[in-house]
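Student: Attaching a single structure in structure tokens format; questions to follow.
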Amino acid sequence: DTFRAAAIDQLQIWADRVGVPLIKQNMGSDPASVAFDSLSAAVSQGADVVLIDTAGRLHNKVNLMNELTKIKRVMQKVIPDAPHDVLLVLDGSTGQNAFEQARQFTKATEVTSLAVTKLDGTAKGGVVIGISDQFRIPVKYIGVGEGIEDLQVFNKYEFVDSFFNTKS
Ligand SMILES: Nc1nc2c(ncn2[C@@H]2O[C@H](COP(=O)(O)OP(=O)(O)OP(=O)(O)O)[C@@H](O)[C@H]2O)c(=O)[nH]1
Ligand SMILES: [Mg+2]
């Protein structure tokens with residue numbers, strides 16, 4: 001994300017918290033170039049996993065599509081079958097808006113998994129069921145707060161149980 005003013009600082013803070021190296025460039029630089037740098041660094045350092053955080057801008061779909069396509073193409077110069085997973089993060093508290101975002105992004109690129117955040121605030125996150133049903137893309141992670149442990153691997157059994165658990 002080279003788009004939003006605070007995005008790079010925010011990522012640096014999280015990278016420091018979890019102790020992972022962050023590859024960054026200045027705000028406004030070409031995101032595909034940052035992706036290329038990140039993969040090159042990962043290959044030379046022998047990293048197993050690279051996460052690329054893209055900006056979530058939706059206001060100009062043609063640009064978004066071109067940018068995502070370019071990021072992919074440039075990554076494939078380093079690792080031909082990259083990316084191995086495309087994770088779409090949806091704000092679960094926005095209800096129908098989350099559906100609309102999912103619709104737009106799945107049109108723009110091949111999304112292979114979902115994370116649904118802010119399920120701590122909503123009425124038990126029924127939006128997860130609707131989105132999984134409508135888009136047939138597995139929900140891998142859920143966000144239930146702003147803390148480091150609050151991004152959890154989605155467990156469908158626990159999730160369904162939570163609808164019936166009177167204690168929580
Ligand atoms: N309560 C709650 N807050 C969350 C959760 N997930 C993220 N947040 C907060 O929501 C705000 C936005 O999170 P970001 O990670 O910046 O969201 P983003 O999708 O990357 O946004 P852009 O980079 O602008 O596209 C931050 O203050 C987060 O701490 C969650 O599951 N629950
Ligand atoms: Mg972001």
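Student: Pairs of alpha-carbon atoms within less than 8 angstrom and 6+ residues apart define the contacts here; what relative contact order does segment 1-83 have, in percent?
Tutor: 31 percent
Student: I would also like to ask the following. By a straight-distance test (C-alpha under 16 Å), which aspartates and glutamates pair with residue 118 as possible cross-link partners, with residues fewer than eight away in the same chain excluded?
Tutor: Partners found: 91, 146, 149, 150.
Student: Would you mind working out the accessible area per residue for the chain, using a 1.4 Å probe, and quoting it in Å²?
Tutor: Heavy-atom SASA per residue in the chain reads 64 Å².
Student: Then there is this: For the chain, which whole percent of the accessible surface, found with a 1.4 angstrom probe, sits on carbon and sulfur atoms?
Tutor: 54 percent
Student: Report for segment 85-168 the percent antiparallel among DSSP-assigned beta bridges with both residues inside it, nearest 5.
Tutor: 25 percent
Student: Please report the relative contact order for segment 9-142, taking Cα pairs under 8 Å with a sequence separation of at least 6, and give it as a percent rounded to a whole number.
Tutor: Here the relative contact order equals 18 percent.
Student: Here is a further query. Rounded to the nearest 500 deg cm²/dmol, what is the calculated helix-only ellipticity per residue at 222 nm for the chain, with -39500 (n - 2.57) per DSSP H run of length n ≥ 4?
Tutor: Only helices count here, giving -14000 deg cm²/dmol.
Student: Considering only DSSP beta bridges with both partners in the chain, what is the antiparallel share in %, to the nearest 5?
Tutor: Restricted to the chain, the bridges split so that about 25 percent are antiparallel.
Student: Okay, moving on. With +1 assigned to the C-beta of every Lys and Arg and -1 to the C-beta of every Asp and Glu, and no other charges, what is the dipole magnitude of the chain about the Cα centre in debye, to the nearest 20?
Tutor: Computed charge dipole of the chain: roughly 500 debye.
Student: Going down the table (24/107; 77/107; 24/70), which pairs top 20 Å between alpha carbons?
Tutor: Check vs 20 Å cut-off fails for 24/107; 77/107.
Student: What percent does the relative contact order of segment 85-168 come to when contacts are Cα pairs within less than 8 Å and at least six residues apart?
Tutor: Over segment 85-168, the number comes to 26 percent.
The values are calculated or read from the model by the stated rules, or taken from the named source; none is laboratory data. These figures come from a predicted structure and were not determined experimentally. Every residue, glycine among them, receives a Cβ derived from its backbone with ideal geometry; neighbour counts consider all protein chains shown. We work out accessible area using only protein heavy atoms, side chains counted, and drop any ligands, DNA or RNA first. Shrake-Rupley method; radii C 1.70, N 1.55, O 1.52, S 1.80 Å.
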